[in-house]
Amino acid sequence: MSPKILGVGYSVPDHRVTNQDLAQVIDTNDAWITERTGIKTRYLSNHENTSDLAVMAAQRAIKDAQIDPQMIDCILVATLTPDAMMPCTAALVQAKLNLNSQRMMVFDLNGACSGFILALQTIDALIQSGQVTMALVIGAETLSKILDYSDRSTAVLFGDGAGAFVVGQDQICKPWVHFVNTQGDTEQTLTTDGVELNGSLRNIQGQTPYLRMKGQAVFRFAVKAVEDAIRQILLKSNLSIEEIDLIIPHQANARILSHVAEKMKFPMDKFVMNMDEFGNTSSASIPIAYAQAKSKGLIHQDMNIILVGFGAGLIWAGTLIEL
Ligand code: ACO
C-alpha cells in the first residue's frame, strides 16, 4: 500500500497585516522587509488558536477529498505552537470535528519548519504498516503567540495559518521517496526561550517562550540544506532535476530559494512561493503552498513534486510525491 493525497485545504486568520502596518508599531519599513525576504503581508491571529486554524484547513481538505470524515482513523498535527501542552492539538481537532471512528490515533509532532515533512513520513510508515487507513495530516501554527515585537529582525518574518492533507491508501500509486537529516544546533541558531524549571515551588507568571534566531547563520544553513535535500531525493528516486515539475519548499525567505535555484540551475518559476502573502508559517507553510497551488490549477496528475522543509533542530527533510 502506498499513501495517496486525496484532498488538501488551508486557512489563515481574518487579520491581514501589511509591512506598512508593522512599520506603525516597530522600527522597520516595507522596502527593507521586501528586499531581504520577499514578504509583503502575513496573517496574525486575534482570536483563532492553532486548533481553530487546523480545523478550518481540515474541513476544506475533507471537502476537497469528498470522503466521509468518519473514515478518518488518524489525525497528526505538526506544530510548535499548540493551543496547550495537553491535550495535543490533534485531539482538539478530533473533538471540534466530532470524528469518532471505531479506532482513532491522534498525536502532535514538533519538527518546527520541517514538521509537516516529518508528519508525511510518519503517516507513510503508518499506512504501509496497515495501522492507519485514512489520515488527516495538518501543519498549523499561531507563531504570533511567540513573537517578540522588540526584536525586529524576527518579528517581521512570521505569520499564522494552517494547511491540511487527507491521505488515504492506494495500491497503484508510486511510493513516496523520503529524506531527512538533523545537525544538532549547538550554536542555538533557532530556538525559543525555555520555560524555567520550578523545583523551588515558586509561581512563575507570564513566561512567554519567545522565538530567537541568528538570521545569517540560519540563512547559510538553509541554502545548503535545501540543496542537499533535493539532491538526496533525486539520488534515491533516480530522477534528474529536469524530471521534477515543481518544488514546494518551506516558505522562509525568497532569497534563500533564489540562491538554491541559481546553484542548481533550476528555473525559479518551478519553486512554488507564496511568502509574499503569508510570511513564514513554519510547519504550515508547505501544506498551505501545496493547497494554494492546487487551487490555482498548478498541480496535475503525473507530476513529480518535491516538498522540502528546513529549520530548527537543525532539521532538513524532503519528500518526493509522484502524482
Ligand atoms: N527592518 C529594518 N531594519 C532591520 C530589520 C527590520 N525588520 N531587522 C534588522 N534590521 C537592520 C539591522 O539592525 C541591521 O542594521 P545595522 O546594519 O544598522 O546594524 C541591518 O538591518 C542588517 O541586519 P542583519 O541582521 O545583518 O540583516 P540580514 O541582512 O542578515 O537580514 C534576515 C536579516 C532577513 C533575517 C536574514 O538574516 C535572513 O534572511 N535570514 C534567514 C533567516 C530566515 O529566513 N529565517 C526564517 C525562520 S527560520 C526558518 O524558517 C528555517
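What is the antiparallel percent of DSSP beta bridges lying wholly in region 2-170, to the nearest 5?
That works out to approximately 65 percent antiparallel.
Could you work out the longest stretch of the chain that avoids the trypsin sites (Lys or Arg not before Pro) located in DSSP loops with at most 14 other Cβ atoms within 10 Å?
Working: sites that count: Arg103, Arg202, Lys265, Lys296.
The segment 1-102 is the longest one with no such site.
Between Thr37, Ala23, Ala58, the Cα set farthest toward the positive side of the dipole of region 1-71 (charges on each charged residue's Cβ, about the Cα centre) is that of Ala58.
For the pair Lys96 and Ile26, label points projected 7 Å from Cα toward Cβ lie 2.5 nm apart.
Where the only charges are on Cβ atoms (+1 Lys, Arg; -1 Asp, Glu), what is the dipole of region 2-170 about its Cα centre, to the nearest 20 debye? Each step should come with its number before you reach the end.
Details: 11 positive and 18 negative charges, 49 e Å.
Result for region 2-170 is approximately 240 debye, rounded to the nearest 20.
Pairs to check: Lys63/Lys224; Lys263/Lys296; Lys40/Lys236; Lys236/Lys265; Lys4/Lys263; Lys4/Lys63. Give those whose C-alpha atoms are more than 26 Å from each other in this structure.
Values: Lys63/Lys224 38 Å; Lys263/Lys296 28 Å; Lys40/Lys236 37 Å; Lys236/Lys265 20 Å; Lys4/Lys263 32 Å; Lys4/Lys63 16 Å.
The pairs that break the limit, which is 26 Å between Cα atoms, are Lys63/Lys224; Lys263/Lys296; Lys40/Lys236; Lys4/Lys263.
How would region 106-263 be classified by its alpha-carbon gyration tensor: rounded, prolate or oblate, with rounded meaning a/c under 1.5 and the a/b versus b/c comparison settling the rest? Oblate, since a/c reaches 1.5 and b/c is not below a/b. Please work out whether region 184-323 counts as rounded, prolate or oblate from its C-alpha gyration tensor, where a ≥ b ≥ c are the square roots of the eigenvalues and a/c under 1.5 means rounded, while otherwise a/b larger than b/c means prolate and anything else oblate? Prolate, since a/c reaches 1.5 and a/b exceeds b/c.
If the only charges are +1 at each Lys and Arg Cβ and -1 at each Asp and Glu Cβ, what is the size of the charge dipole of the chain around the Cα centre, to the nearest 20 debye?
Details: 25 positive and 33 negative charges, 51 e Å.
Magnitude of the dipole: close to 240 debye.
Rounded to the nearest 5, the antiparallel percentage of DSSP beta bridges internal to the chain is 70%. Ranking Ile241, Met264, Ile306 by how far each Cα lies toward the positive end of the dipole of region 177-322 (charges on Cβ) leaves Met264 at the top. The distance from the alpha carbon centre of region 1-28 to that of region 192-253 is 17 Å, rounded to a whole number.
Every number here is computed from the coordinates shown, using simple stated rules; none is lab data. What you are looking at is a predicted structure, and each value in this text was computed from that prediction instead of being measured. Note that each Cβ is placed from the backbone with ideal geometry, even for glycine, and that neighbours are counted across all protein chains shown.
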